[in-house]
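Student: Just passing along the structure, written as structure tokens.
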Amino acid sequence: MGCVVLVCGNHLAFAQQKDQPSFIDQAISNSQPKMVKVFGASAGKVEGFATGIIVSKDGLILSSQGVFLDGRQVKVVLADGAEHMATILKRDRETQLSLLKIQADTPSFFELSEESVGEKGDWVIALSNAFKVADKDEPVSAMLGVISLRTTMEARLTKRDVAYRGELVLIDAITSNPGASGGAVVTPRGNLVGIVGKIINSSETNTRLNYAVPSSVLFEFVTGKASVTGETQPVLEQQDVEFGVVLFTLGGRNNPAYIDRVVRGSPAAKAKLKSDDMIVSIAGEKIGNLKDYAESLKSLRPEEEVLMIVKRGVEMMRVRIAPRLKK
Amino acid sequence: MLFVWKMEWMCMPDKIFQFVLGCLCGLLVTPLGFVVAQTDNNEVEVNAVDAEVSELSEAELMEAMALTSKAFRSAASRVAPSLVTIESYGGVSAVQGRIGGIRKQGEGNTTGIIISSDGFILTSTFNFIQRPPVISVILSGGERHFAKLVGRDDTRKICLLKIDGLTDLPIPEMVDESKIKVGQWAISLGVGYGDTSPAMSTGIISAKNRIGGRAIQTDANISPANYGGPLVDVEGRVLGICVPMNPQSQAVGAGVEWYDSGIGFAVPLANANKLLDRLKAGEYIRPAFIGIQSGPNPLGDGILVNKVNPDSPASRVKLEAGDILLSINDNRVNDMLRLKQLINRFEAGETIRITVKRKSSGNEEDLELPLAPPPTNSKEPLALPKIR
């Protein structure tokens, strides 16, 4: 998007011929006083800095989760260069957000919208201190892009991390860089779309995602409406279920789920499944291989009917089938 | 206040604000309607425009920006009926995230474009690095069909799928490569992030005639999320199909290291009928390979042959170590990059004419050299199996 920024830059120049501030310029300069640079502990290769946004007039600051919060002190640098020590009010594992407080008046702040702001194709400006390029009172870096997609998807930082499953606003400005998390993503009118999320990899594409955690999620987090302690849902006792099929296992768990044999009298037999059928999907989830099949069984309940799609020859078949308790 | 616009001008981002100004002046209401209405005109009046631009109020500029977003969405929805979601079943397992030395694709679905009403679908070979034995596609309406792999072209990283028993599938409009202008808007689309609605990224055409003339370059984000998907203009017409590419290597995964970097490639298809016919006929088009190990000539012009691989095109025309390669089809070669660039213009099976200064005789000779595909013992994944 670099070139687009330049192109729009030309238009800023156009507009500025008469000393009129352009609106992108205005959106950026209006946002700058609401941005903070956050510094804290680092651990090995993991950087000890991030970006944050001011969300109240009395010093509430929203940022991301990270090791920078784990040290003895968290330092917040305001747009005018003033430094304040912050206390951590709350942090959430699932949304990877943190709420900080400094003892200072902060008259410029972002209003958090309960509604979602911005749709696919809309221009957005991402403001962040990626690579801690800005120091002291220097303004944070601005990038221009569009909203690529508003979607919910599973993405995680590492295997150990809790996967975030809420809505993400994917953008095409490259924000997945060290220190950018906690930055602001705003519309050309300066409204907050969300904050730049931590660097995460999409399991769908095996690529880094550039995205914002939407303002509605931020609103819930700050106002305390969301569960913030990582409360676990009451887990239903898992019961092992089966359809009564034996799959081809030769060649490893990455094989497609081909049926080798159907057990007589089983749910599979009643659903008229046959040898050499390939299971395409169960309950709407694609079964790409034997691993997916094993995972899928774990989420099913005995005697609860689901839709199974099966490939027979080149035909696609839809069957209703209820697994039974495993004997 | 009536301005006359030239079609190409409309398509350039640095003109889009003037373009939108035109809309604001009441010429037309929507950007697309505007373009359509002005296609017949070829005259340009620029002077009046520049004077007009500085008069734009902030509200108008804001409106202009909102209109570009509207145009992006409209372009995406125009091509959307021709996009398919590709699912694969099974395939080789990745070892530490890599397959045959190539960074593996994600676990998600990938994108393809319908190119004929009877069910031919183009996508990128990258999407099948894991060589899945079974592939299905989901049409934009949600219908799922099994697909077979018909042909592939490794020089362009594209392959052709076929779904049977269908007619009247929607095919997108394609833009002739000669009509594509550096600097015009480009929008990349793909369903790789798992949503049925394609994700979009916008940018411009950065360059044409890249990768041996096979690709155009864009700064819109290109990644596994849209490999196999289209790069479209503001009217939703297909400029090319998004693929990973790297001028230094023709390996199937080469170029993925540049994903979302501002350096992205797409293969134009408007004039590719001959190519598509070959793929429909089941052809497997592979990169060209000569079979020499070489370096710059320390004593002057040309490339010094250090070693000739046994059983290679070079050994078949009896090239020897110490020979100096001076030109290919009358193009001088003085460095390795140039050699690579020249060879990349061809494909296996084609014949080139080389001029060589022989070590043995000291004479310059012209030789006909039939190019072959690279040997299969390389790190490349094997050819995709035909789908049963």
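Values in this text are rule-based calculations from the coordinates and carry no lab data. No experiment lies behind these values; they were computed from the predicted model shown. We place every Cβ from the backbone using ideal geometry, glycine too, and count neighbours over all the protein chains shown.
Student: Tell me, how many Å apart are the Cα centres for segment B:211-276 and for segment A:69-134?
Tutor: Using only Cα atoms to place each centre, the spacing works out to 37 Å.
Student: Are any of the pairs A:Lys311/B:Lys162; A:Lys37/A:Lys57; B:Lys162/B:Lys208 more than 24 Å apart by Cα-Cα distance, and if so, which?
Tutor: Over 24 Å apart, Cα to Cα: B:Lys162/B:Lys208.
Student: Here's something else I'd like to know. So what's the net charge close to A:Pro188: Lys and Arg +1, Asp and Glu -1, counting the other residues with Cβ under 12 Å from its Cβ?
Tutor: Residues near A:Pro188 contribute -3 overall.
Student: Give the order of B:Asp118, B:Asp260 when sorted by the count of other beta carbons within 10 angstrom, beginning with the fewest.
Tutor: Ascending Cβ contact count within 10 Å gives the list B:Asp118, B:Asp260.
Student: Span-like helices, chain A: DSSP H, alpha-carbon axial extent 20 Å or more, mean Kyte-Doolittle 1.0 or greater, which ones?
Tutor: Membrane-span-like by this rule: A:2-16.
Student: By per-residue mean of other Cβ atoms within 10 Å, what is the highest-first order of B:354-361, A:273-280?
Tutor: A:273-280, B:354-361
Student: Could you work out, for segment B:292-370, what percent of all Cα-Cα pairs fall into each 5 Å distance bin, beginning at 0 Å and stopping at the bin that holds the largest distance?
Tutor: Going from the shortest bin to the longest, the percentages are 3, 16, 28, 32, 16, 4, 0.
Student: Three principal axis extents, largest first, for the C-alpha atoms of segment A:270-327, in Å?
Tutor: Reported extents, whole Å, longest axis first: 30, 24, 20.
Student: Please report, in whole Å, how far the alpha carbons of segment B:225-346 spread along each principal axis, starting with the longest.
Tutor: 54, 35, 26
Student: Follow-up question, since we're still on this one. Highest first, please rank the peptides B:290-299, A:177-186, A:140-149, B:129-138 by the mean number of other Cβ atoms sitting within 10 Å of their residues.
Tutor: Per-residue mean Cβ counts within 10 Å order the peptides as A:177-186, A:140-149, B:129-138, B:290-299.
Student: Defining a contact as two alpha carbons under 8 Å apart and six or more residues distant in sequence, what relative contact order in percent does segment B:201-271 show?
Tutor: RCO, segment B:201-271: 35 percent.
Student: Evaluate E = 1/(1 + (r/R0)^6) for A:Asp25 and A:Asp70, where r is the Cβ-Cβ distance and R0 equals 51 Å; express this FRET efficiency to the nearest 0.05.
Tutor: 0.85
Student: May I pose another question? May I have the pair-distance distribution P(r) for segment B:168-241, computed from all Cα-Cα distances with 5 Å bins from 0 and rounded to whole percent?
Tutor: 4, 17, 27, 27, 16, 7, 3
Student: Evaluate the distance, in nm, between pseudo-label points positioned 7 Å from the Cα of A:Asp58 and of B:Glu173 along their respective Cα→Cβ axes.
Tutor: 5.9
Student: Seen from all sides and averaged, what is the projected area of the convex hull of the Cα atoms in segment A:23-223, in nm²?
Tutor: Quarter of the Cα hull surface area: 10.0 nm².
Student: Just from its helices, what would the mean residue ellipticity at 222 nm be for chain A, if runs of 4 or more DSSP H residues each count -39500 (n - 2.57) and the sum is divided by every residue, rounded to the nearest 500 deg cm²/dmol?
Tutor: So the calculated ellipticity at 222 nm is -4000 deg cm²/dmol.
Student: Using 0.36 nm per residue of separation minus the Cα-Cα distance, give me the extension gain between B:Arg358 and B:Gln293 in nm, one decimal.
Tutor: 21.8 nm
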